[in-house]
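All remarks here apply to the structure that follows.
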């Protein structure tokens, strides 16, 4: 269903016309009854129409080219004009020119009456484009003329000058009704462009929101399932490693010993085997390596203490070698405390206490 609302012109106020798919249902003066989308019809005398070949790549390019065409044909400053571009499916595209102030007044007047039109169509663009010559029709009491590249209000004196004396062909009622229905449902030229374009109201698409929510829940469920599988995998792996550690621990512990804490029990056994500190083997190996590296020195006695210290009785050829031996053991990472050294029978003897650092 199409609702056409004809804007006031001169002393004439609002007029409206309601159409369905094949006929005029009702018409009248004043504001249209009921709610629904409204197509406003601008008076023909307030809109100047041009036709020109314009770019079709983008609306911005078409409008820019149309403004150049209008600038050459209009005496008014371009900044005060509103230029809109339409499309009739031909190489020549319609261009509507109206004063920007007039366009603002129309929309403000409609808004004050609670109407936000879906489109504003110049009255001549309600008529179909004739194949040749000119077509004329009375629309809501207004006589308009449409040519192949022109559109204007009918005037007894101006029309013959514009048509070069060629009389326009009057449209029959059926053709006019079909043209009004087509223009109302899909206008070929809508003045609501650029700064006067209709603002789209934000509306929530609940169906889309529900689909997105379901998708989000599905993603969360899959993520949770992956995490649970990963946790279970780690748990099973940890259990297997623990069982393997217990099995290995049993091979390192005395036969028959109950395994309660494999790491602690192995550390205790290792401590018992190697002794306290760094152990007997590691300490004595480092000491004898230092003795071999110090010519003229020898170990005469050795005592491994319960606290991990190793007491050495050493004999050297001269006192300086005792210092060299002490430094060699320290360089291996031990702490060495030297006792009192004495000289007897051409040898220097004394004690060194070696501790872990």
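The values are calculated or read from the model by the stated rules, or taken from the named source; none is laboratory data. Source: prediction; values computed, not measured. In this analysis, Cβ positions are derived from the backbone assuming ideal geometry, glycine residues included, and neighbour counts consider all displayed protein chains.
For the reader, a short list of remarks on this structure follows.
- Taken over region 7-47, the criterion of being touching a helix residue (DSSP H, G or I) at 6+ places or on another chain (Cβ under 8 Å) and in a strand (DSSP E or B) is satisfied by 9, 17, 19, 24, 39, 40, 41, 42.
- Given (1) surrounded by fewer than 22 Cβ atoms within 10 Å (Cβ to Cβ); (2) at pLDDT 90 or above, index of the condition residue 141 fails: (2)
- If you check 124, 130 for being out of contact with any helix residue (DSSP H, G or I) (no Cβ under 8 Å at 6 or more places or on another chain) and either in a loop (DSSP other than H, G, I, E, B) or modelled with pLDDT of 90 or more (or both), only one passes: 130.
- Annotation: residue 214 fulfils all but one of (1) loosely packed, with under 12 Cβ neighbours inside 10 Å; (2) assigned by TED's automatic domain parsing to the domain that holds residue 13; (3) within 46 Å of the chain's Cα centre (by Cα); (4) over 24 Å from residue 88 (Cα atoms); the unmet one is (2).
- Residue match in region 55-62 (condition: at pLDDT 90 or above and outside any strand (DSSP E or B)): no
- Condition met for residue 344 (free of Cβ contacts under 8 Å to residues at least 24 places away in the same chain and over 20 Å from residue 282 (Cα atoms)): yes
- Total residues in region 156-180, condition closer than 21 Å to residue 8 by Cα and out of contact with any helix residue (DSSP H, G or I) (no Cβ under 9 Å at 6 or more places or on another chain): 0
- Some residue of region 244-265 being modelled with pLDDT of 80 or more and either in a helix (DSSP H, G or I) or in contact with a helix residue (DSSP H, G or I) (Cβ under 7 Å, 6 or more places away or on another chain) (or both): yes
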